[in-house]
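Please read the structure below before turning to the comments.
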Amino acid sequence: MLAEAQDGLRTRTVHSEVIWALNPTNNITEGLRRYGVSAETSAVIVVSMDGAGEGQLGAGIAGTLTPLDALHGLTDWATVCKYHRLEASPNVEAIVVGTVAAKSVMT
């Protein structure tokens, strides 16, 4: 959102910027394919860019709202390791979060 305010988006929308940040490369098409919603998607993270409350977000979603702290158990860490070219280790989550944060600051 800071990049949007400073006219510094690398993609066309702040929504695709979230997907871009998750992807280890700068290829947004690849990021959308890897992290976007598909027919096989069983869990999604809903990111509110306009401050909508949980009630407003939940109204448009068919499924069960789960707290964000359950994310670790919903993540396919083997696939995340493959995408980020990492070996499986207890620190993978911290490495990926650090990479996403650094990518946003460095570019």
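The values are calculated or read from the model by the stated rules, or taken from the named source; none is laboratory data. Keep in mind that this is a model prediction, so the values were computed, not measured. Note that we place each Cβ from the backbone using ideal geometry, even for glycine, and neighbour counts take in every protein chain shown. Heads up: the accessible areas ignore ligands, DNA and RNA and are worked out on the full protein's heavy atoms, side chains in. Shrake-Rupley method; radii C 1.70, N 1.55, O 1.52, S 1.80 Å.
Looking only at region 1-36, count every residue that is assigned to a loop (DSSP other than H, G, I, E, B), modelled with pLDDT of 85 or more and not polar (S, T, N, Q) and tell me the total. Within region 1-36, residues that are assigned to a loop (DSSP other than H, G, I, E, B), modelled with pLDDT of 85 or more and not polar (S, T, N, Q) number 1. The residue that is nearest to residue 63 (Cα to Cα), counting only those in region 32-45 that are open to solvent by less than 70 Å² (accessible area, probe 1.4 Å) and either touching a Pro at 6+ places or on another chain (Cβ under 9 Å) or of a type outside the set (Gly, Ala, Ser) (or both), is 41. Taking each residue of region 80-98 that is surrounded by 14 or more Cβ atoms within 10 Å (Cβ to Cβ) and looking for partners that are of a type in the set (A, V, I, L, M) and not in a helix (DSSP H, G or I) with beta-carbon atoms closer than 6 Å, six or more apart or interchain, yields 81/88; 92/86.
Residue by residue through region 49-107, note down the ones that are outside any helix (DSSP H, G or I), within 14 Å of the chain's Cα centre (by Cα) and at pLDDT 85 or above. Those that are outside any helix (DSSP H, G or I), within 14 Å of the chain's Cα centre (by Cα) and at pLDDT 85 or above: 75, 76.
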